[in-house]
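Colleague: Quick one: the structure is below, questions incoming.
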Amino acid sequence: MKECEAHGYYRDEICPVCGEPGKFLMNDSEVEKLGRTLAGILRHGKFDLEMDDQGFVNIREIVFTVKENNNRMHWMRPHHIIAMVETDPKGRYQTSGDMVRATYGHSIPLELELPSDEVPEELFFPTTGEELDIILEMGIMPSDRSMVHLSLTYDDAMRAGKVRVDDPVILAIDAYAAMDEGYKIGKAGKTVFLAKQIPPECLSVADENNYE
């Protein structure tokens, strides 16, 4: 990861805007290590740092605590966190002043205020053949996360599902119908939407042929 004086942070050898070599910030290993560290703190509450009800944690507190607990990350500074946020391709993080939060993936309970004006008519969710019948009967409920994570496209859901199983089943969600029934859905990342649950009447098995 590097920084261009004119165009900001980027993850490449040269600035994608002007083509100039920028100032070095982190190598690939350090980017991966910082990403895992932020996920532990902002998604799962590692180190018990003070977090507000929207999931925001003070950036300088993160830096101080991480350096205190891991000598191998002595290089870490606030601008490294800001660079991670601004260049993350999935929009997994958000800053507000001197605070930062994860936008999704939490295992700790939060009442996130997320924009709902960009929710599309249809969203998608990966499951397994073994879980399919019970989900179609009961709806989608959170499992290891505090919220249900929905995908923007069929392909996004397929990629997410293949993290768990080789051949996921993709469900289509009638997002407008769910919201009409009072189930809030908010945009969390570039391709991720969150809901507390999705009722069974808003679900159907997606036909792959319709999304090629």
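Colleague: Using a Förster distance of 35 Å, how high is the FRET efficiency between Glu86 and Met138, based on the Cβ-Cβ distance and rounded to 0.05?
Modeller: On the way: r = 40 Å, r/R0 = 1.14.
E between Glu86 and Met138, to the nearest 0.05, is 0.30.
Colleague: Still on this model: So if R0 is 41 Å, what FRET efficiency would Glu113 and Glu212 give, r being the distance between their Cβ atoms, rounded to the nearest 0.05?
Modeller: Details: r = 36 Å, r/R0 = 0.88.
Efficiency, from the Cβ-Cβ distance: 0.70.
Colleague: What GluC sites (Glu not before Pro) in segment 1-110 are in a loop by DSSP, with at most 10 other Cβ atoms within 10 Å of the Cβ?
Modeller: Values: sites: Glu3, Glu5, Glu13, Glu30, Glu32, Glu50, Glu61, Glu68, Glu86; in loops: Glu5, Glu13, Glu50.
Hits after loop and neighbour filter: Glu5, Glu13, Glu50.
Colleague: Using DSSP to define loop residues, name the trypsin sites (Lys or Arg not before Pro) in segment 156-205 whose beta-carbon has at most 15 other beta-carbon atoms within 10 Å.
Modeller: Qualifying residues, ordered by number: Lys162, Arg164, Lys184, Lys190, Lys196.
Colleague: Could I ask something else about it? How would you classify segment 111-212 from its alpha-carbon gyration tensor, with a ≥ b ≥ c the square roots of the eigenvalues: rounded for a/c under 1.5, else prolate if a/b is greater than b/c, otherwise oblate?
Modeller: On the way: a/c = 1.42, a/b = 1.32, b/c = 1.07.
Here segment 111-212 falls in the rounded category.
Colleague: Here's something else I'd like to know. Between Pro126, His74, Pro115, whose Cα lies farthest towards the positive end of the dipole of the chain when Lys and Arg beta carbons carry +1 and Asp and Glu beta carbons carry -1, centred on the Cα centre?
Modeller: His74
Colleague: Report the semi-axes of the equivalent ellipsoid for the chain in whole Å, largest first, where each axis is √(5λ) for an eigenvalue λ of the Cα gyration tensor.
Modeller: Equivalent ellipsoid of the chain: 34, 20, 16 Å, largest first.
Colleague: Could you tell me which of the pairs Lys67/Lys190; Lys2/Lys162; Lys2/Lys33; Lys162/Lys196 are separated by over 28 angstrom between their Cα atoms in the structure shown?
Modeller: Over 28 Å Cα-Cα: Lys67/Lys190; Lys2/Lys162.
Colleague: If the only charges are +1 at each Lys and Arg Cβ and -1 at each Asp and Glu Cβ, what is the size of the charge dipole of segment 88-171 around the Cα centre, to the nearest 20 debye?
Modeller: That gives segment 88-171 a dipole magnitude of about 380 debye.
Colleague: So if R0 is 25 Å, what FRET efficiency would Phe24 and Phe64 give, r being the distance between their Cβ atoms, rounded to the nearest 0.05?
Modeller: 0.60
Colleague: In addition: Taking only DSSP H segments of four or more residues, each worth -39500 (n - 2.57), what value at 222 nm results for the chain once the sum is divided by all its residues, to the nearest 500 deg cm²/dmol?
Modeller: -8500 deg cm²/dmol
Colleague: Still on this structure: To the nearest 20 Debye, how big is the dipole of the chain about its Cα centre, given +1 on the beta carbon of each Lys and Arg and -1 on that of each Asp and Glu?
Modeller: 1200 debye
Colleague: Provide the net charge surrounding Met158, with neighbours chosen by a C-beta distance below 12 Å and charges set as Lys +1, Arg +1, Asp -1, Glu -1.
Modeller: -3
Colleague: Considering Cα pairs under 8 angstrom that are at least six residues apart, work out the relative contact order of segment 1-96 and quote it in whole percent.
Modeller: Here the relative contact order equals 20 percent.
No lab work stands behind these numbers, since they all come straight from the coordinates. A quick note: this is a predicted structure, and the numbers were derived from the prediction, not measured. Cβ atoms come from the backbone with ideal geometry, glycine included; neighbour counts cover every protein chain shown.
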